[in-house]
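Here's the structure, in structure tokens; my notes come after.
The values are calculated or read from the model by the stated rules, or taken from the named source; none is laboratory data. Note that the structure is predicted; figures quoted are calculated from it, not measured. Cβ atoms come from the backbone with ideal geometry, glycine included; neighbour counts cover every protein chain shown. For accessibility, only protein heavy atoms count, side chains too; no ligands or nucleic acids. Shrake-Rupley method; radii C 1.70, N 1.55, O 1.52, S 1.80 Å.
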Amino acid sequence: QVQLVESGGGLVQPGGSLRLSCEASGSIVSINAMGWYRQAPGKERELVALISRRYGGTAYADSVKGRFTISSDNAKNTVYLQMNSLKPEDTAVYYCYTNTIAGVYWGQGTQVTVSS
């Protein structure tokens, strides 16, 4: 099994920044991609950002392009999400995600609240 440990969530004012971190540990096999999803109350979980280990490249939701940056330290099996210019609509539970050859794994979620 793979365990994803997240950190960095919290309360931030509009226009502020947060950096989320997620480290994968456990029985890690081939990782195809790591990334972040988020889910606001009453809404479906949506992809925020994804970084591919096997194929390279990144992908972002249109709503966060230009504001969020995903990066990874592959040697540490860690993925980061730098979130700048945060908006109230970014408020959600953010879930770390990894897609491996053995399946998909999720973190426990970390709350990000953007409010004045």
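Here are the numbers for the structure shown:
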quantity	calculated
Positive dipole terminus of the chain, leading residue within Pro14, Ser115, Ile101 (C-beta point charges)	Ile101
Förster-model FRET efficiency, 35 Å R0, Ser63 and Gln1, C-beta, rounded to 0.05	0.65
Whole-number D in µm²/s for the chain (Stokes-Einstein; Kirkwood sum over Cα pairs; 20 °C, 1.002 mPa s)	153 µm²/s
Total formal charge among the other residues, if their Cβ is under 14 angstrom from that of Gly66, Lys/Arg +1 and Asp/Glu -1	+1
Segment 23-116: chymotrypsin sites (Phe, Trp or Tyr not before Pro) in DSSP coil with no more than 12 other Cβ atoms inside 10 Å	Tyr55
Dipole magnitude of segment 1-60 about its Cα centre (Cβ charges: Lys, Arg +1; Asp, Glu -1), debye to nearest 20	120 debye
For segment 1-70: accessible area per residue (Å², 1.4 Å)	56 Å²
Carbon and sulfur %, accessible surface of the chain computed with the full protein complex present, 1.4 Å	47 percent
